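The values are calculated or read from the model by the stated rules, or taken from the named source; none is laboratory data. From a predicted model like this one, the values you see are computed outputs, not experimental measurements. Positions of Cβ are backbone-derived with ideal geometry, glycine not excepted, and every protein chain shown enters the neighbour counts.
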Amino acid sequence: VSRSLKVAVVGATGAVGQALISILDSRKFPVAELLPFASKRSVGREISFQGRTSICRVLTPGCFDNVDLAFFDASDAVSQEWVPQAILSGAWVVDNSAAFRMDPKVPLVVPEVNGSHLTESDRLLAGPNCSTVQLVVALKSLSDRWGLKRVVVSTYKITRGAGIEAMAELSSQTLARLSGQAADSKAFVHPIAFNCIPQIGSFKNDYTGEETKIMEESRKILGLPELKITATAIRVPTLHCHGESVNVECMTPFKISDVRQAWTEQAGLVIQDDPSSSVYPMGIDAVGKDYVGVGRIRRDESVDNGLNFWVVSDNLRKGAALNAVQIGESVLQWIQAKPKKI
Ligand SMILES: NC(=O)c1ccc[n+]([C@@H]2O[C@H](COP(=O)([O-])OP(=O)(O)OC[C@H]3O[C@@H](n4cnc5c(N)ncnc54)[C@H](OP(=O)(O)O)[C@@H]3O)[C@@H](O)[C@H]2O)c1
């Protein structure tokens with residue numbers, strides 16, 4: 001008989017935490033008991049899961065006792081403090097924060113790209129930034145087959161990804177502007193309504209934190225520490241699914257038909273590319289979907305072995321919660337393969 005797990009979700013009331021709980025349910029992850037954790041203000045809130053109700057609680061010493069698997073979907077600070085405690089209690093941890101992503105001892109995982117390298121001695125597994133996930137799913141087959149000489153990526157990140165308050169600000173600013181009134185900007189340094197802001201996070205040298213994450217995380221996941229990659233991250237006033245314009249120079253010549261074939265065989269990727277019918281990936285179609293969509297596939301004639309394309313994915317699903325559940329499914333296999341403790 002397969003074992004069901006005691007599963008903790010830290011950040012259970014947040015955007016990613018809620019998506020994760022719903023994906024655990026839809027993928028029939030065997031959960032014997034769900035422990036939802038959130039901040040003080042959510043204590044007592046009811047979380048429905050697989051026909052049962054669990055009550056939200058705060059993190060306390062010993063709260064991970066007997067937990068098999070803990071998903072962390074809160075902040076970097078919460079993960080810094082509590083992930084080590086979950087591991088000491090004997091749990092496997094899948095952490096979606098940035099706290100441990102670049103730690104050389106911690107695998108940074110997109111299962112379709114580097115999941116085969118994991119072993120059950122990896123107790124802490126990190127999930128990447130949402131923009132990194134959809135980029136590396138598309139780059140993987142190009143890297144394997146033709147080699148990556150250089151990558152240039154520009155991300156179009158939705159306002160919703162900056163949190164509920166940012167979303168509310170987009171709505172209130174849009175209404176205010178349409179009625180000719182001025183509106184305050186609190187969530188971002190500039191108004192987001194009818195605007196694009198070329199800054200996500202604070203500047204470290206000439207790049208923002210977001211841009212640095214995309215470059216460093218992509219190198220780590222693809223196992224290419226010397227990869228030449230540069231990123232520009234732009235906040236756009238849209239609601240669902242990040243878009244990315246990607247330009248790649250491959251090491252060796254390719255045929256576009258072979259690129260399409262390689263992407264057809266890539267798990268997690270769907271080609272949506274029929275320019276004559278205006279078919280290409282768009283956020284309004286990808287919301288709630290599990291795939292990374294790729295389209296506008298065309299040769300970049302300005303360089304040797306150049307390729308341009310556009311990728312879109314639901315940041316809450318493949319960009320965060322689904323990716324974490326897929327990592328959790330590896331942990332599940334390891335746990336179910338072990339004899340049960342008596
Ligand atoms: N959104 C994305 O697209 C995305 C993609 C990839 C990775 N991530 C990462 O995933 C994490 C969650 O992001 P999100 O967008 O879901 O944020 P969010 O909607 O703001 O949710 C944050 C969650 O953390 C909880 N929390 C806050 N302080 C806590 C504490 N002291 N102890 C326990 N829980 C606490 C909140 O509980 P309350 O409701 O009680 O405040 C809430 O459940 C972040 O690390 C983010 O960087 C997000």
Inset, instruction - Please find, within segment 37-61, the residue that is farthest from the ligand (Cβ to nearest atom) out of those that are in contact (Cβ under 8 Å) with a residue 24 or more places away in the chain and aliphatic (A, V, I, L, M). - result: Ile47
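When the residues of segment 293-324 are filtered to those that are of a type in the set (Val, Ile, Thr) and surrounded by fewer than 24 Cβ atoms within 10 Å (Cβ to Cβ), which remaining residue is farthest from the ligand (Cβ to nearest atom)? Outline the logic, then answer.
Going residue by residue through segment 293-324, those that are of a type in the set (Val, Ile, Thr) are 294, 297, 303, 311-312.
Checking the rest, the ones that are also surrounded by fewer than 24 Cβ atoms within 10 Å (Cβ to Cβ) come to 297, 303.
Working: Ile297: 25, Val303: 32 Å.
The residue in question is Val303.
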Inset, instruction - Could you please tell me which pairs satisfy a Cβ distance under 6 Å, a separation of 6+ or placement on different chains, a first residue in segment 271-284 that is closer than 17 Å to Ala138 by Cβ, and a second residue that is small (Gly, Ala, Ser) and surrounded by 14 or more Cβ atoms within 10 Å (Cβ to Cβ)? - result: Gln272/Gly293; Gln272/Gly295; Asp273/Gly295; Tyr280/Gly295; Pro281/Gly293; Pro281/Gly295
Inset, instruction - Filter segment 174-195 down to the residues that are free of Cβ contacts under 8 Å to residues at least 12 places away in the same chain and within 28 Å of the chain's Cα centre (by Cα), then identify the one that is nearest to Thr208 (Cα to Cα). - result: Val189
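Only one of Ser131, Ser89, Ser79, Ser121 is of a type in the set (Gly, Ala, Ser), over 30 Å from Ser154 (Cα atoms) and touching a residue at least 12 places away in the same chain (Cβ under 8 Å); which?
On the way: Ser131 fails: over 30 Å from Ser154 (Cα atoms); Ser79 fails: over 30 Å from Ser154 (Cα atoms); Ser121 fails: touching a residue at least 12 places away in the same chain (Cβ under 8 Å).
Just a single option satisfies the conditions, and that option is Ser89.
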Legend entry - The lone exception for Arg235 - which of (1) touching a Lys or Arg at 6+ places or on another chain (Cβ under 8 Å); (2) more than 16 Å from Gly295 (Cα to Cα); (3) exposed (fewer than 15 other Cβ atoms within 10 Å of the Cβ); (4) among the charged types (D, E, K, R) it fails: (3)
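Filter segment 62-76 down to residues that are within 13 Å of the ligand (Cβ to nearest atom) and crowded, with 21+ Cβ neighbours inside 10 Å and give me whichever is nearest to Ala324 (Cα to Cα).
At the first step, the residues of segment 62-76 found to be within 13 Å of the ligand (Cβ to nearest atom) are 63-64, 70-76.
Filter once more, so that each one left must be crowded, with 21+ Cβ neighbours inside 10 Å: 64, 70-74.
Working: Phe64: 18, Ala70: 10, Phe71: 8, Phe72: 9, Asp73: 9, Ala74: 13 Å.
In this case the residue turns out to be Phe71.
Is it true that some residue in segment 272-287 is in contact with a Pro (Cβ under 9 Å, 6 or more places away or on another chain) and at pLDDT 95 or above? If you could, list the steps in order and put the result at the bottom.
Just the residues of segment 272-287 that are in contact with a Pro (Cβ under 9 Å, 6 or more places away or on another chain), to begin with: 272-273.
So of that shortlist, the ones also at pLDDT 95 or above come out as 272-273.
Checked segment 272-287: at least one residue is in contact with a Pro (Cβ under 9 Å, 6 or more places away or on another chain) and at pLDDT 95 or above.
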Inset, instruction - Give the residues of segment 3-34 that are touching a Lys or Arg at 6+ places or on another chain (Cβ under 8 Å), within 16 Å of the ligand (Cβ to nearest atom) and in a loop (DSSP other than H, G, I, E, B), sorted by residue number. - result: Thr13
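I'd like to check which strands (runs of 3 or more DSSP E) are fully inside segment 77-193 and have at least 1 residues that are among the small types (Gly, Ala, Ser) and surrounded by fewer than 24 Cβ atoms within 10 Å (Cβ to Cβ).
Numbers: elements: 92-95, 124-126, 148-158.
Result: 148-158.
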Inset, instruction - Quick one: in segment 6-18, of everything that is surrounded by fewer than 22 Cβ atoms within 10 Å (Cβ to Cβ) and modelled with pLDDT of 95 or more, which residue is farthest from Gln85 (Cα to Cα)? - result: Gln18
